[in-house]
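Below is one structure, written out as structure tokens, with a few remarks after it.
The values are calculated or read from the model by the stated rules, or taken from the named source; none is laboratory data. As the structure is a computational prediction, the values presented were derived from the model and not from experiment. All Cβ positions, even for glycine, are placed from backbone atoms using ideal geometry, and neighbour counts span all protein chains on display.
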Amino acid sequence: MHLNEQNLIWRKASASNPTGNCVELAKLTSGEVAMRNSRFPEGAVIVYTRAEIAAFLDGARAGEFDDMAV
């Protein structure tokens, strides 16, 4: 099944850019998480395991990526 056929519910952070330029996530029926660029919703989608997303979120919470936002 193609991702566009799954009726995915895409979510973005409430702190995202008001014009909609951000990363969006959607939970797949397999339990994996799809990620896309909201500026190009018909573009590429990357699929991550739940463990990969958890590791990223843990790192983000710990400030491991803070230097990329300045």
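Remarks
- Which listed residue, of F40, F56, is assigned to a helix (DSSP H, G or I) and either at pLDDT below 95 or surrounded by 11 or more Cβ atoms within 10 Å (Cβ to Cβ) (or both): F56
- In region 21-31, of all residues being touching a Lys or Arg at 6+ places or on another chain (Cβ under 7 Å) and in a loop (DSSP other than H, G, I, E, B), the one that is surrounded by the fewest Cβ atoms within 10 Å (Cβ to Cβ) corresponds to G31.
- Residue satisfying all of: in region 44-53; within 20 Å of S16 (Cβ to Cβ) and in contact with a strand residue (DSSP E or B) (Cβ under 6 Å, 6 or more places away or on another chain); surrounded by the most Cβ atoms within 10 Å (Cβ to Cβ) among these: V45
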